[in-house]
Amino acid sequence: MRPEPGQVMHFSEDPSLTRFVPHMAATARQPDAYVWAVDAHRAPDYWFPRQCPRVLVISPTARVHAIEHGWLERMRTAELYAYRFDAAPFRPFGEEGEGGGHAHVATEPVTPLGPAEPVGDLLALHGASGIELRLLPSLWPFWDEVVAGPHTFSGIRLRNALPR
């Protein structure tokens, strides 16, 4: 489940959204309000339940995603939806590397190109896309390893991970 050329995508567990208005997330590190979306390359970063902590690594030859064992059942049962948008009102956000360059943002309200699309089986989607999905007792040893390495990486919702 990825956006088509000229599109960006937003993933949500809410299938009833019809208009997206810029807002500042409670965890925001930037001072501006945005509508957030991703391009086709970064869409797999969001094939997870929203609150699921995850570590994502993209190397020239492979992509690895990692979650904790405690999130496996939620991965199996989550109902995730994708919203497609015209990419024109969006601009890239952040620098590539160390978790940056991961998103596109709009500063004006946007309307999806159509209704929410069910994403389907998140585990099967990872497998069909050739993404290695690791189940770990704790994300922190893997996080420490990837932060010290040469590859593009991202940590999402790490505040929801088990304590170190």
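For ARG29 and GLU145, the difference between the fully extended length at 0.36 nm per residue and the C-alpha to C-alpha distance is 39.3 nm.
For the chain, a Gaussian network of Cα nodes joined below 10 Å ranks PRO150, PRO60, PRO115 by mean-square fluctuation, and the top entry is PRO60. Look at [x] -0.65, -1.18, -1.24; [y] -0.54, -1.22, -1.29; [z] -0.44, -1.24, -1.37: the one that is log10 I(q)/I(0) by the Debye sum over Cα atoms at q = 0.11, 0.18, 0.19 Å⁻¹ derived from this structure is [z].
Just check segment 99-156 against the gyration tensor rule for me: Cα atoms, a ≥ b ≥ c as the square roots of the eigenvalues, rounded for a/c under 1.5, and otherwise prolate or oblate depending on whether a/b exceeds b/c. It comes out oblate by the Cα gyration axes. Taking only protein heavy atoms and a 1.4 Å probe, the accessible area of the chain is 55% carbon and sulfur.
When the chain is treated as a Gaussian network with alpha carbon springs shorter than 10 Å, the biggest mean-square fluctuation among GLU145, GLU68, GLU13 belongs to GLU145.
With contacts taken as Cα pairs under 8 Å and at least 6 residues apart, segment 1-102 reaches a relative contact order of 35 percent. Only helices enter the 222 nm calculation for the chain: every DSSP H run of n ≥ 4 contributes -39,500 (n - 2.57), and dividing by all residues gives -3000 deg cm²/dmol, rounded to 500. Charge dipole of segment 1-67 (Cα centre as origin; +1 on each Lys and Arg Cβ, -1 on each Asp and Glu Cβ, all else neutral): 160 debye, rounded to the nearest 20. Please find, in a Gaussian network model of the chain (springs between Cα atoms separated by less than 10 Å), the residue of PHE153, PHE20, PHE85 whose mean-square fluctuation is greatest. Evaluated over the chain, the most mobile residue of the options is PHE20.
Relative protection proxy for 50-56, 156-162, 123-129, from highest mean packing down: 50-56, 156-162, 123-129 (other beta-carbon atoms within 10 angstrom).
Measuring only protein heavy atoms, the 1.4 Å probe finds TYR81 accessible over about 40 Å².
The values are calculated or read from the model by the stated rules, or taken from the named source; none is laboratory data. Worth saying up front: this structure is predicted, and the values here are computed from it rather than measured. Cβ atoms come from the backbone with ideal geometry, glycine included; neighbour counts cover every protein chain shown. Side chains included, ligands, DNA and RNA excluded: accessible areas come from the protein's heavy atoms. Shrake-Rupley method; radii C 1.70, N 1.55, O 1.52, S 1.80 Å.
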